[in-house]
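Asker: Dumping the structure here so I can ask a few things about it.
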Amino acid sequence: MLFETISVIGLGYIGLPTAAMFASRKRKVIGVDVNRHAVDTINKGQIHIVEPDLDMLVHTAVTEGYLRATTEPEPADAFLIAVPTPFLPIDNEGDTPKPDLQYIESAANAIAPVLKKGDLIILESTSPVGATEQMAKWLASARVDLTFPQTDGEESDIRIAHCPERVLPGHVVRELVENDRVIGGITNKCSQAAIELYETFVQGECVITNSRTAEMAKLTENSCRDVQIAFANELSIICDKLDIDVWELISLANRHPRINILEPGPGVGGHCIAVDPWFIVSKTPEQAQLIHTARKVNDSKPHWVVDKVKVAIADFLQANPDKTLKEVTIACYGLAFKPDIDDLRESPALQIAQNIAKIHSGKTLGVEPNVHELPKNVEDIELIDIEIAIKKADIHLLLVDHKEFKGKNFNAEFIVDTKGVWGELCHQFLT
Ligand code: SAJ
């Protein structure tokens, strides 16, 4: 079987690099997205997202004629669905977030009319267990003239598999090629077809399982990381109480040959680690106790940091009785959701800076070397250069360990350091 034409539905952080990767192997790729701006940008050979090396890849793919974007699905031999799986709106504070499969359903309904016998459909979106089977049902009810693997097994007209993406933002282009892939076909032939497709560019091993295990594997990876970060975050709170430097503690414990504690921080952000564990919790609330608790620990960390800033403000005012609260300036260093990226979405650092700006009557400054301007809805935070912040601020709050902040040597009395970057310089060292 040769996949001459491959269609990628959803041209975001996963879909676009994947489409470009197939195109780089001289496959005809049709990218589909409902976002007209994204489609127009890609067709000009440009990109609408930030990811190292992707601009060149897309530019070459488009100018050589292997990649084209459109808003309407067209016939293809394989369809990869890489659309978001966000939460449904939450009614009450404290409710367990539940996954929203509407984008998968829309994608299934959009491609159904152009499907033909022999086509392969792969769901790449991170999904709750059972989502691939659900998608297969949506497709089957939209195309009663075709047979599907959930009912007709190996003899079906259409092949379906779940092959979750597992690439790290910032390293997507390399990891797409190098990482092993979990291949969860609804039948064995579905898995074999998916392997044939991925072998176009994947150098890692393609390992076969069923679709439900593949879904759970992806959720497990991100939940495992979330639980481990929660452990580090909890340690940082315990150490603060016991007057112990958590960074020194972790580096000592990590000298044990079987211990590898991750880093504490201001909380867990991004669109994956802070989201995916809820897909397990919402499905098995009674059983997923540890995973649920980890989510709560990580979600509570930004509030803890804000409380630490309140203490620092009180300490500052006590040491400077001539100053009023309104005259206290706080600088927040780093607003992205992790180091050395420009992505502000679901960022605990930005959440903390915004909360401080809301409760603090003085100035809140933001230093984010990776962005030129803040989103319009971010009010009350003045984006400024690091040197000016160092000079102007009374309280220095380090939220992200961007490379620009490391080794920055300045003398300040009131530092709240959530990443242990300025630890040695701090008079007031908080974790
Ligand atoms: N973080 C810490 N301490 C750490 C490591 C991370 O606080 O020791 C924080 C980061 O600052 C960030 C958050 O966790 O706010 C998530 O960052 P990350 O680098 O751990 O992960 P993501 O969200 O960029 O990408 C993850 C990856 N999953 C795993 O490493 C298991 C990636 O491989 C997945 O493909 C991606 O989620 C995804 O799309 O699901």
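Asker: Scan region 259-352 for GluC sites (Glu not before Pro) in coil per DSSP, keeping those whose Cβ has at most 10 other Cβ atoms within 10 Å, and list them by number. If you can, show how the numbers build up before the last one.
Answerer: On the way: sites: E286, E327, E346; in loops: E286, E346.
Filter output for region 259-352: E286.
Asker: Could you put K419, K376 in order, starting from the residue whose Cβ has the fewest other Cβ atoms within 10 Å?
Answerer: Exposure proxy ranking, most exposed first: K376, K419.
Asker: Moving on. What distance in nm lies between label points placed 7 Å from Cα along the C-beta direction at K403 and K117?
Answerer: About 5.6 nm, to one decimal.
Asker: Counting other C-beta atoms within 10 Å, and keeping those with at most 16, which DSSP coil trypsin sites (Lys or Arg not before Pro) do you find in region 8-87?
Answerer: R25, K26, K44
Asker: For region 4-56 and region 262-307, what is the separation of their Cα centres, given in Å?
Answerer: So the separation of the two Cα centres works out to 32 Å.
Asker: Counting other beta carbons within 10 Å of each Cβ, put V371, V275 in order, fewest first.
Answerer: The fewest-first ordering by Cβ neighbours comes to V371, V275.
Asker: Full-extension gain between R212 and E248, please, as 0.36 nm times their residue separation minus the C-alpha to C-alpha distance.
Answerer: Result: 8.8 nm gained on full extension.
Asker: Decide, for region 69-119, between rounded, prolate and oblate: order the square roots of the alpha carbon gyration tensor eigenvalues as a ≥ b ≥ c, take rounded if a/c falls under 1.5, and otherwise choose prolate if a/b is larger than b/c, else oblate.
Answerer: Prolate.
Asker: Just to confirm my numbers, what's the Cα centroid distance between region 112-179 and region 339-362 in Å?
Answerer: Cα centroid to Cα centroid, the span is 37 Å.
Asker: Another question, if that's okay. Lys and Arg at +1, Asp and Glu at -1: add these up for the other residues within a Cβ distance under 13 Å of D180 and post the number.
Answerer: Details: positive: R166, R181, K218; negative: E165, E175, E178, E199, E205, E221.
Counting the neighbours of D180, the net charge comes to -3.
Asker: Just to check I understand the Karplus step: with θ = phi - 60° and J = 6.51 cos²θ - 1.76 cosθ + 1.60, what whole-Hz values come out for region 362-378, glycine and proline as x?
Answerer: x, 7, 10, 9, x, 10, 9, x, 8, 10, 8, 8, 8, x, 4, 7, 8
Asker: For the pairs K218/K403; K326/K391; K218/K283; K218/K338; K308/K358, note any where the Cα-Cα span goes beyond 23 Å.
Answerer: Flagged as over cut-off: K218/K403.
Asker: Residues with amide H under 5 Å of G31's amide H, sequence separation 5 or more or different chain, H placed in the peptide plane at 1.01 Å from N; which?
Answerer: Here the answer is V8, R68, A69, T70, since their amide H atoms fall under 5 Å of that of G31.
Asker: Determine, for D33, D307, the number of other Cβ atoms within 10 Å of each Cβ, and report the residues in order from fewest to most. Numbers along the way, then the final one.
Answerer: Values: D33 23, D307 10.
Ascending number of Cβ neighbours within 10 Å: D307, D33.
Asker: Still on this structure, I have one more. Summing Lys, Arg as +1 and Asp, Glu as -1, what charge do residues with Cβ under 9 Å from the Cβ of E263 carry, E263 excluded? Before the final figure, lay out each step's value.
Answerer: Values: positive: K419; negative: D401.
Summing Lys/Arg as +1 and Asp/Glu as -1 gives 0.
Asker: Add +1 for every Lys or Arg and -1 for every Asp or Glu among the other residues with Cβ under 12 Å from the Cβ of E51, and state the total.
Answerer: Taking every Cβ under 12 Å from that of E51, the sum is -4.
Asker: In region 52-119, which GluC sites (Glu not before Pro) are in a loop and have at most 16 other Cβ atoms within 10 Å, using DSSP for the loop call? Mind showing how you got there, number by number?
Answerer: Numbers: sites: E64, E93, E105; in loops: E64, E93.
For GluC sites (Glu not before Pro) across region 52-119 that sit outside H, G, I, E and B with at most 16 neighbouring Cβ atoms in 10 Å, the list reads E64, E93.
Asker: Using modelled amide H (1.01 Å from N, peptide plane; none on Pro or chain starts), what sits under 5 Å from the amide H of H162, excluding residues fewer than 5 places away?
Answerer: L123, G184, G185, I186
Asker: Across region 5-204, how many lysine pairs separated by 8 or more positions, or lying on different chains, have Cα atoms within less than 28 Å?
Answerer: Value for region 5-204: 14.
Asker: For Cα pairs less than 8 Å apart in space and 6+ apart in sequence, what is the mean separation divided by the residue count of region 263-426, i.e. the relative contact order in percent?
Answerer: 25 percent
Asker: Based on Cβ point charges of +1 for Lys and Arg and -1 for Asp and Glu, what charge dipole magnitude is obtained for region 263-426 about its Cα centre, in debye rounded to the nearest 20?
Answerer: Working: 19 positive and 25 negative charges, 68 e Å.
Rounded to the nearest 20 debye, it is 320 debye.
Asker: Mean residue ellipticity at 222 nm from the helices of the chain, using -39,500 (n - 2.57) per DSSP H segment of n ≥ 4 over the full residue count, to the nearest 500 deg cm²/dmol?
Answerer: Working: 14 runs with 170 residues, N = 431.
Mean residue ellipticity, 222 nm, calculated: -12500 deg cm²/dmol.
Asker: Same structure, new question: State to the nearest 20 debye the size of the charge dipole of the chain about its Cα centre, where the only charges are +1 on K and R beta carbons and -1 on D and E beta carbons.
Answerer: 180 debye
Read-outs: derived from the displayed coordinates by stated rules, not from any lab. Since we're looking at a predicted model, the values are computed, not measured. Quick reminder, even Gly has a Cβ in these numbers, built from the backbone with ideal geometry, and neighbours come from all protein chains shown.
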